[in-house]
1. Can you find a residue that is within 30 Å of V112 (Cβ to Cβ) and among the aromatic types (F, W, Y) anywhere in segment 398-417?
2. Hey, which of the helices (runs of 4 or more DSSP H) in segment 96-181, taking only ones fully inside, have at least 1 residues that are in the same structural domain as F256 (by TED's automatic domain parsing) and surrounded by fewer than 14 Cβ atoms within 10 Å (Cβ to Cβ)?
3. Quick one: in segment 207-244, which of the residues that are surrounded by 15 or more Cβ atoms within 10 Å (Cβ to Cβ) and among the β-branched types (V, I, T) is nearest to R261 (Cα to Cα)?
4. If I filter segment 333-352 for residues that are within 15 Å of the chain's Cα centre (by Cα), among the acidic types (D, E) and more than 22 Å from V152 (Cα to Cα), do I get at least one hit?
5. Can you name every residue in segment 46-63 that is modelled with pLDDT of 80 or more and loosely packed, with under 14 Cβ neighbours inside 10 Å?
6. Which numbered condition trips up G211, out of (1) free of Cβ contacts under 8 Å to residues at least 60 places away in the same chain; (2) in a loop (DSSP other than H, G, I, E, B)?
7. Got a number for residues in segment 208-228 being at pLDDT 95 or above, under 19 Å from K282 (Cβ atoms) and not hydroxyl-bearing (S, T, Y)?
8. Scan R88, R37 and give me the residue that is outside the structural domain of W339 (by TED's automatic domain parsing), touching a Gly at 6+ places or on another chain (Cβ under 6 Å) and either within 30 Å of E357 (Cα to Cα) or of a type in the set (F, W, Y) (or both).
Amino acid sequence: MIDLRLLREDPDRVRASQRARGEDVALVDSLLSADERRRSSGVRFDELRAEQKALGKLIPRASGEEKAELLKKASQLAADVKTADAERDAAAAATQELNLQLGNLVHPDVPVGGEEDFVTLETHGEMRDFAAEGFEPRDHLELGQLLGAIDVERGAKVSGSRFYFLTGVGALLELALVNAAIAQATAAGFTPMLTPALVRPQSMAGTGFLGQAAQDVYHLDKDDLYLVGTSEVPLAAYHMDEILDADRLPLRYAGFSPCFRREAGSHGKDTRGIFRVHQFDKVEMFSYVAPEDSRAEHQRLLEWEKQWLTSLELPFRVIDVASADLGSSASRKFDCEAWIPTQGKYRELTSTSDCTEFQSRRLSIRVREDKKVRPLATLNGTLCAVPRTIVAILENHQQADGSVRVPEVLRPYLGGREILEPVAR
């Protein structure tokens with residue numbers, strides 16, 4: 001939700017942002033009109049209430065016909081006040097509804113365009129030349145089956161397509177990844193959090209996931225609860241309706257949770273293996289900072305993601321995501337994409353978004369500083385989305401015999417194991 005004062009002062013900036021997102025520019029003018037009705041109806045209500053109060057003071061001192069006339073006027077005023085109150089509430093509700101449909105203001109440095117219009121900012125690591133090493137690389141599913149680590153057939157039997165079991169060293173590899181990621185986050189000053197996987201509608205809407213992203217969300221109708229697609233949702237709502245003291249900032253949390261996504265619109269995409277699935281586990285970083293500090297915090301989150309992927313010895317690149325691919329809450333977003341050898345391309349592993357004041361306004365989270373209260377900024381960053389990270393590790397660290405070398409950072413969490421060996425069949 002954006003600041004209505006900014007909308008009134010610079011509507012062209014908001015129009016340009018909507019245009020860059022590829023979204024409805026006319027929404028800006030509808031919101032401006034609704035805001036004007038809200039403000040004018042508020043003024044009308046205040047004027048009538050002041051007149052009603054003044055009249056109330058005159059009535060006890062009047063008598064006879066004058067009092068009768070004043071009482072008649074008071075009765076009419078009461079009806080007018082009631083009508084004005086209803087009009088004010090309706091205008092405020094209409095303004096709120098329209099504002100909730102508006103995406104965050106796109107940062108001026110974001111490249112304009114769709115999914116393929118990103119800008120590559122940097123690349124890290126070396127891609128292996130498997131031909132020079134003398135063998136054809138196996139994909140993650142074949143490797144996972146050789147290792148006894150991934151079972152998608154029984155996942156489909158039990159739950160349907162895009163579900164899976166991690167078995168044996170696959171399960172151990174997930175636990176190692178989660179523990180290593182939480183250890184890095186804790187060392188960086190994040191508070192570890194185990195978060196709810198079910199949230200109320202106001203939590204989901206407040207973070208911006210019931211707009212354009214609603215088609216990917218699972219809803220439990222009977223309970224009116226939503227399954228989260230990321231622990232960003234409960235971490236953002238953790239301080240909902242609170243005023244935080246400025247000396248507590250920045251607040252940084254590292255949440256671990258299961259995540260659930262319908263993957264609507266992805267039919268036919270990444271159907272093999274565990275790259276795109278309906279349920280997965282993830283470690284997510286989340287920050288609350290003063291608005292003026294959000295750009296610097298965004299860079300910090302990106303650096304922590306780069307540190308993580310570098311520690312896993314993965315080749316990756318960092319991209320500046322284009323405007324129409326941001327998601328409604330993000331003002332700017334950086335993705336880290338790992339090289340997947342058998343696909344011959346980079347694929348997203350982590351993402352970090354600066355949501356500025358957008359979520360805090362929707363969730364009513366504010367900061368108190370020098371006796372003044374104002375919205376703060378929220379940011380999020382994936383540290384480890386487990387299945388995709390397993391895909392990248394298996395493919396990039398495989399050996400000719402089907403074994404997989406374990407990155408050094410994970411070895412303490414795998415009992416010192418340096419190699420994942422194929423299992424006997």
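1. Initial filter on segment 398-417 (within 30 Å of V112 (Cβ to Cβ)): none.
No, that holds for no residue.
2. Numbers: elements: 130-133, 140-146, 152-159.
Result: 130-133, 152-159.
3. V217
4. There is at least one residue in segment 333-352 that is within 15 Å of the chain's Cα centre (by Cα), among the acidic types (D, E) and more than 22 Å from V152 (Cα to Cα).
5. Going residue by residue through segment 46-63, those that are modelled with pLDDT of 80 or more are 46-50, 53-54.
Once the filter is applied, which keeps residues that are modelled with pLDDT of 80 or more and loosely packed, with under 14 Cβ neighbours inside 10 Å, segment 46-63 yields D46, E47, A50, K53, A54.
6. (1)
7. Looking only at that region, the number is 2.
8. Details: R37 fails: touching a Gly at 6+ places or on another chain (Cβ under 6 Å).
Matching residue, one of R88, R37: R88.
The values are calculated or read from the model by the stated rules, or taken from the named source; none is laboratory data. Quick caveat: nothing in here was measured; it's all calculated off a predicted structure. Backbone-built Cβ (ideal geometry, glycine too); neighbour counts: all protein chains shown.
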